[in-house]
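Structure record follows, encoded as structure tokens.
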Amino acid sequence: MTAWFWLVYNEVEKLLFRRRMAVVVGLLAVLIPLFVYAQHKQLETVRARMGTDDWRLWTAQLIADNENRLAASRLPEEWRRWLLVRNEQLRAYLAAGVDPNAPGAAGFLRSFMEAGMPLFVPLFALIVGSDIISGERSAGTLRLLLSQPVGRLRLALAKVAALWLSVGMIFFWIAVLGTLVSGPVFGFGGFQVPQLVGFRVSGETLDLGGVRLIPMWQYLLMLFGLGWYASTVVALWTFFASSVARSTAAGMGAGFAFLLAGSVLANYASGWRGAKWVASTNLDLGPYLAGLRPPIEGLTPAFALGYLGATGALALGLALWRLTRDVA
Amino acid sequence: MSGEKASDEAAPEGAATGGAGFGRAEAPALAVRGLTVRAGGRVLVEDVTFAVRPGEVFALLGPNGAGKTTTLRAVLGLIRPAAGEVWLAGRKLWPGRPSALRAVGGLIEAPAVYPYLTGWDHLKHVGRMRGVFDPAALYALAERTGIAPHLSARVATYSLGMRQRLALALALVGRPAVVVLDEPMNGLDPPGMRDFRMFIRELAAEGQAVLFSSHLLAEVEAVADRIGLMAGGRLLWSRSVADVRRAAGRRYRMVLRPPEAGEALLRAAPEVVRLEPVPDAPPGTVWVWLADETKAPALIARLAGAGVEVRAAAPDVPPLQELFFAWTEADGQAYPRGRAER
């Protein structure tokens, strides 16, 4: 009756000693300053172009820009709809007296997570999880594990739990490093800035009935929660790939290609509604919270969350089935 | 499933091999019955039955591809048999529960260890999975296998021999009733082999059953109590080492004149099991295997009576290695499935 806790403990220890986590934190430590610098530069450019620091003027300018684009007759129909919706939203921010893009560490975390959720952040889950089984298989240590009196299902579930915890650790490090690096540049504030949530799109109009203000830290918690959900699903896909792949490289390559396919489809064929059945196009969950256009036309948050959950569960089920009858 | 039922079912195996009674203490540490393993449409192991008592060293001997490793893997719970049963210390492993694996520890093929962990990490890892949390008990195993001085180093820095010692220590965590070792002496230098033999005998002396595989008869002869000969996925026979030696002793070398008449007579004689010309010897020099050595004088007398001069007749014990080739080649041809395995 070995406590399952110790199996998870073993797996977490291996994960840490394998230095996968160190690689991820190292990557974040290199890339976050890069993003901070990029955002800083972009802010400077906008500021120079607008010639002002007043966010009200920026927002009014943005609305005017959108109106101009709407006047252009050759705009695709779905773009038209979303520009209309977007302007409604910007007017709501103006009416509430809230700067949606107020600079600060909190704003940086928000934009980092919004930009990273569909590809960049899940990639870390892929890095951490890709060799969790295939690595043991190719090194022969799977034999050591499977000949222990613990039961294969419990062992596999311990690996999943360790992977899930490591996804949590990745998000922790993103929050810590993101704050520490962007703070000195943009200021550490912004966590109390009100954010508008609850936009609901119905047809061509934006339903503002459910809109309310929440502080930024709450918004960030929700956003990171969605990101964690998306990355957990990717971790489950990775677990499946690792359980069937003969080599870690093959599993990781396949996983990366699948993630990339989602991003490419969302950019390249956002009008093709069928693309939503490619599970990785659903990973971008940030727009639903911000009330922005979804990555694929016709996607709803319920579908995205549900479909991701279903594919994650399927991947987990298949991986467990495979492992309980694996030969080592 | 109750332990009582388990020992009852396992007991006949003990009775068959050791003539022991039905008492729990006499139950074999390991009982394999009718084990059949298939993979990819091929039969790797077919209907293998044997048992190992506590304190006994049992060696599976056979050429590569005979099914030895597959059998050991089934005993370690690594491969699911298509048919048959594996009992470990009175608990059923196949088909049954993984908790039966508590009674077995072993290593298959190359020592499988994590290069990024230290030796001590490994012992703690396996200890957690086997419910052994006492550091002193784990350290004692490291001392016993001689890896204790290197425990704090990462395994990436270990030599092959050190990895093997570590893997052995891991196999012994929790003092399993059955220790399974696959080709344990591969890659050991002569002093290492001698140490290892002593180590196996020590385990047996302390009441652990040892099951190991080898394709080297000399190795098996030096350490095993009993030998099971495998070829083509089947266990051809299992006998005590003493019996094997006795069987080998029934070979005679004879020099006959005239050769043709003598060989014809011997071939027709009922007490002759096998007849072969001795290679690189003058005509008429043959090896004669007798079913019963007490029949030798009568046979020689009959040859003399038929006008065949027996110039020499002496027991000629072949090196076991030679016997091994004869056994496995003859039987391998009878079961060509084994050829397909590799």
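The values are calculated or read from the model by the stated rules, or taken from the named source; none is laboratory data. This is a predicted model, so every value here is computed, not measured. In this analysis, Cβ positions are derived from the backbone assuming ideal geometry, glycine residues included, and neighbour counts consider all displayed protein chains. For accessibility, only protein heavy atoms count, side chains too; no ligands or nucleic acids. Shrake-Rupley method; radii C 1.70, N 1.55, O 1.52, S 1.80 Å.
Some notes on this structure:
Every residue, every condition in (1) open to solvent by 70 Å² or more (accessible area, probe 1.4 Å); (2) among the aliphatic types (A, V, I, L, M), yes or no:
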site	(1), (2)
A:15	no, yes
A:21	no, yes
A:37	yes, no
A:45	yes, no
A:50	no, yes
A:58	no, no
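- Within segment B:45-71, residues that are without any contact (Cβ under 8 Å) to a residue 12 or more places away in the chain and over 13 Å from residue B:207 (Cα atoms) reach no partner that is among the basic types (Lys, Arg) and open to solvent by less than 10 Å² (accessible area, probe 1.4 Å) with beta carbons closer than 9 Å at six or more positions or on different chains.
- Lone qualifier among A:139, A:95 - being closer than 19 Å to residue A:55 by Cβ, open to solvent by 30 Å² or more (accessible area, probe 1.4 Å) and free of Cβ contacts under 8 Å to residues at least 12 places away in the same chain: A:95
- Within segment B:217-259, tally of residues that are out of contact with any Pro (no Cβ under 7 Å at 6 or more places or on another chain) and within 25 Å of residue B:29 (Cα to Cα): 25
- The strands (runs of 3 or more DSSP E) located wholly in segment B:35-114 that include 1 or more residues which are more than 10 Å from every other protein chain (Cβ to nearest Cβ) occupy B:42-52, B:57-61, B:83-88, B:91-94.
- Residue within segment A:185-199 that is in contact (Cβ under 8 Å) with a residue 24 or more places away in the chain, within 14 Å of chain B (Cβ to nearest Cβ) and crowded, with 20+ Cβ neighbours inside 10 Å present: no
- Where helices (runs of 4 or more DSSP H) sit wholly within segment A:1-74, those with at least 3 residues that are within 14 Å of chain B (Cβ to nearest Cβ) and farther than 30 Å from residue B:101 by Cα occupy A:20-50.
- With respect to the conditions (1) within 12 Å of chain A (Cβ to nearest Cβ); (2) of a type outside the set (Ser, Thr, Tyr); (3) closer than 20 Å to residue B:180 by Cα, residue B:154 falls short on a single one, namely (3).
- Within segment A:293-319, tally of residues that are in a loop (DSSP other than H, G, I, E, B) and buried (at least 17 other Cβ atoms within 10 Å of the Cβ): 6
- In segment B:172-194, residue farthest from residue B:144 (Cα to Cα) [restricted to those that are open to solvent by less than 70 Å² (accessible area, probe 1.4 Å) and not in a loop (DSSP other than H, G, I, E, B)]: B:182
- Scoring residue B:90 on the criteria (1) surrounded by fewer than 20 Cβ atoms within 10 Å (Cβ to Cβ); (2) closer than 19 Å to residue B:58 by Cβ leaves a single failure, condition (1).
- Set side by side, the residues B:222, B:209, B:231, B:242 differ, and just one is within 29 Å of residue B:292 (Cα to Cα) and touching a Gly at 6+ places or on another chain (Cβ under 8 Å), which is B:231.
- Any hit, segment B:7-15, residues being modelled with pLDDT under 80, out of contact with any strand residue (DSSP E or B) (no Cβ under 8 Å at 6 or more places or on another chain) and open to solvent by 40 Å² or more (accessible area, probe 1.4 Å): yes
- Test result for residue B:57, under 16 Å from residue B:172 (Cβ atoms) and in contact with an Asp or Glu (Cβ under 7 Å, 6 or more places away or on another chain): yes
- Against the list (1) part of a helix (DSSP H, G or I); (2) in contact (Cβ under 8 Å) with a residue 40 or more places away in the chain; (3) of a type outside the set (A, V, I, L, M, F, W, C), the condition residue B:260 fails is (2).
- For segment B:115-127, the set of residues classified as open to solvent by less than 20 Å² (accessible area, probe 1.4 Å), out of contact with any Asp or Glu (no Cβ under 9 Å at 6 or more places or on another chain) and at the interface with chain A (Cβ under 8 Å from one of its Cβ atoms) consists of B:126 only.
- Residue check for residue A:115: away from every other protein chain (no Cβ under 14 Å), part of a helix (DSSP H, G or I), over 29 Å from residue A:26 (Cα atoms) and open to solvent by 20 Å² or more (accessible area, probe 1.4 Å): no
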